[in-house]
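Written out below as structure tokens is the structure these notes cover.
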Amino acid sequence: MCTGGGGLAVIEVRDVSMGYNQALVLHDICLKVKQGEQVFIVGRNGAGKTSLLKTLAGLLKPHSGTVTFDGHDITGMPAEKVARRGLHFVAQDKVVFSSLSVRNNIALAAHAMKIDIDSAIRKAVEIYPKLEEFMELNAGNLSGGQREILLIGRAMIGDPKLLLIDEPTEGLAAKVIDDIFRILTSIKGTTSTIIVEQNLSVVTSLADRIYVMKEGKIIKEFDNKHACIEAAELEVYL
Amino acid sequence: MFETILYGFTIGAVLYLFSIGLSLTFGTMHIINFAHALVYTLGVYSFIGFRDALSLGFVPAMLIAVVAMVPLAWAIERFVIRRLYGERLDYAIIATYALLLIGTDLIKVVFGTLPQSINVPIHVSVNVAGVGISLYRIIIVLVAVLIFLGLRQFFRKTVVGQIVVAALEDNEGVRCLGINISTYFSIVFVIGSALAIIGGILYAPISTAEPYMGMHILLLAFSVVIVGGMGSLTGTFYASFALGMLMALVGRFWAGGANAAVFLTMALVIIYRHTIKPRLHRR
């Protein structure tokens, strides 16, 4: 039984299982994200959170189940086609195109989305004004936090219908986490997001809904529309 | 000694022209492409074929041979290599090695097994410090340097080049932007093949054309790619010239040790990268 309540779903995942060779890492995953909703996924390392995001982004192929995005079946569709439909993914590893400038990182996203570079840059700067200072810098020279912000900014080019972000605050200093928190707050309500996150104060402050994963399954779902979930309630699952 | 150094540069130039395609294929597609040697050899034989059949000069025959081989390179990428994306490395090795063996046998059937000599197109020597050095060899080195500089601009300034550079670093990241990388990989593959053919044709007058010429350079090129860093455009350039020079210098005093010196260097680089460097980093 898929949960997520009523309302128009941007993405609906039904009974998705996925594995590497014979070993299943996702078991009958069901979830739903509504228009403008910010959904968080928490769970211990190895719970299958990253594999789930990669499966939705088209980087991994599910063994069974269906993924319906924006009313279309995208199950097993390659990542580039999924991205062009408006589902963008920010990976966990904070890997930018380090030998290209920040401008060219954004330019590639603009090229992919077939929009002009200037408006793409304006969009990225709108999300994080400080980005303008780094525009001509090689992206490889950015700090971990700046890289994450560039990745989120880059993923926002083309106004995605759904944004998947894997561990955006992992390994970052408190100051940078504040910046990322502000960015996530600014897109809340307008861009639907699924965010894998371990920082529970970020999760409980921002989440509309929270899924808990364990051993490749969703074991619990919390409604947090009114920010009523305490971090301590989630801590037991980590 | 001067001649030895020039010989080293010449070998380095040919190694670079051959290796760059191999390095890009591995860097972007993660495929070890043995069929690269087949394209190289076929390019030289088609050069001979066009030159003789159409009574063409060196440069026109070379250009026609390169253009004629583009569809073959594209077909190898489209129908063999592309099916191997994301598969295990050994599948790619088996498939492309099989292609190399089949192609080499076909060359033997069509052109015979005897080596064919090709005349050096320019018989001019340049006098440097009392030593006459072959202008043709200088041209080979200059062609390699110009291609390196041209490729550098291509990868820095063009969208296609930047996508390839980005894919070398983060293949999945490029795909997640909505870019179909296989189109760009085809372009890279064809460029790499064309450069290998140019290298083969330029080198043939100094050596000879024979069915196994691709196999001989292939192993040396793998050493270049490993020493220079897989997928590193600049690293491949410097490693080609460094190993070419090493071959020339060792070969001057011990002819049989030239290739061995290259493989020994490759082994030392692997040991350094995988054993010594991680230990130094841990300290």
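Every number here is computed from the coordinates shown, using simple stated rules; none is lab data. None of these values were measured; they are calculated from a predicted model. Here Cβ is always computed from backbone atoms with ideal geometry, including for glycine, and neighbour counts include all displayed protein chains.
Test A:G71 against the criterion of being farther than 30 Å from B:F155 by Cβ, in contact (Cβ under 8 Å) with a residue 40 or more places away in the chain, away from chain B (no Cβ under 14 Å) and out of contact with any His (no Cβ under 7 Å at 6 or more places or on another chain), and give yes or no. Break it down into steps so the answer makes sense when it comes.
On the way: farther than 30 Å from B:F155 by Cβ: yes; in contact (Cβ under 8 Å) with a residue 40 or more places away in the chain: no; away from chain B (no Cβ under 14 Å): yes; out of contact with any His (no Cβ under 7 Å at 6 or more places or on another chain): yes.
Considered against the rule, which asks whether it is farther than 30 Å from B:F155 by Cβ, in contact (Cβ under 8 Å) with a residue 40 or more places away in the chain, away from chain B (no Cβ under 14 Å) and out of contact with any His (no Cβ under 7 Å at 6 or more places or on another chain), A:G71 comes out as no.
Per-residue answers, yes or no, for (1) among the polar types (S, T, N, Q); (2) out of contact with any strand residue (DSSP E or B) (no Cβ under 7 Å at 6 or more places or on another chain); (3) within 18 Å of B:S23 (Cβ to Cβ):
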| residue | (1), (2), (3) |
| --- | --- |
| B:T208 | yes, no, no |
| B:T236 | yes, yes, yes |
| B:A239 | no, yes, yes |
| B:F253 | no, yes, no |
| B:F263 | no, yes, yes |
| B:T275 | yes, yes, no |
| B:P278 | no, yes, no |
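Residues in region A:47-59: is at least one surrounded by fewer than 19 Cβ atoms within 10 Å (Cβ to Cβ), more than 14 Å from chain B (Cβ to nearest Cβ), touching a residue at least 40 places away in the same chain (Cβ under 8 Å) and outside any loop (DSSP other than H, G, I, E, B)?
Within region A:47-59, none of the residues are surrounded by fewer than 19 Cβ atoms within 10 Å (Cβ to Cβ), more than 14 Å from chain B (Cβ to nearest Cβ), touching a residue at least 40 places away in the same chain (Cβ under 8 Å) and outside any loop (DSSP other than H, G, I, E, B).
Scan region A:202-233 for residues that are surrounded by 15 or more Cβ atoms within 10 Å (Cβ to Cβ), touching a Ser or Thr at 6+ places or on another chain (Cβ under 7 Å) and more than 18 Å from A:L31 (Cα to Cα) and jot them down.
A:V202, A:L206, A:I229
Which one is farthest from the other protein chains (Cβ to nearest Cβ) among residues in region A:94-115 that are closer than 15 Å to A:G144 by Cα and in contact with a strand residue (DSSP E or B) (Cβ under 9 Å, 6 or more places away or on another chain)? Quick ask: steps written out before the conclusion?
Of region A:94-115, the ones closer than 15 Å to A:G144 by Cα are A:94-98, A:102.
Narrowing the set further to residues that are in contact with a strand residue (DSSP E or B) (Cβ under 9 Å, 6 or more places away or on another chain) leaves A:98, A:102.
Working: A:S98: 6, A:V102: 13 Å.
Per the stated criteria, the residue is A:V102.
Starting from region B:162-175, keep only residues that are more than 7 Å from chain A (Cβ to nearest Cβ), then list their pairs with residues that are among the small types (G, A, S) whose Cβ atoms are within a distance under 7 Å, requiring at least 6 positions of separation or different chains.
Correct list of pairs: B:L168/B:G27; B:L168/B:G231; B:V174/B:A166; B:V174/B:A167.
Would you pick out the residues in region A:135-154 that are of a type in the set (D, E) and not in a loop (DSSP other than H, G, I, E, B)? Let's see the steps before the verdict.
Of all residues in region A:135-154, those of a type in the set (D, E) come to A:136, A:148.
Passing the criteria: only A:E148.
Looking at region A:9-29, is at least one residue within 18 Å of the chain's Cα centre (by Cα) and part of a loop (DSSP other than H, G, I, E, B)?
no
Counting just the residues of region A:30-45 that are touching a residue at least 60 places away in the same chain (Cβ under 8 Å) and assigned to a loop (DSSP other than H, G, I, E, B), which one comes out surrounded by the most Cβ atoms within 10 Å (Cβ to Cβ)? Can you show your working first?
Of the residues in region A:30-45, the ones touching a residue at least 60 places away in the same chain (Cβ under 8 Å) are A:30-31, A:33-44.
Retained after the next criterion (residues that are assigned to a loop (DSSP other than H, G, I, E, B)): A:35-37, A:44.
Numbers: A:Q35: 14, A:G36: 16, A:E37: 24, A:R44: 13.
Among them, the one singled out is A:E37.
Select, from A:E167, A:E148, the only residue that is buried (at least 20 other Cβ atoms within 10 Å of the Cβ) and in contact with a strand residue (DSSP E or B) (Cβ under 6 Å, 6 or more places away or on another chain). If you could, list the steps in order and put the result at the bottom.
Numbers: A:E148 fails: in contact with a strand residue (DSSP E or B) (Cβ under 6 Å, 6 or more places away or on another chain).
Exactly one residue qualifies, and that residue is A:E167.
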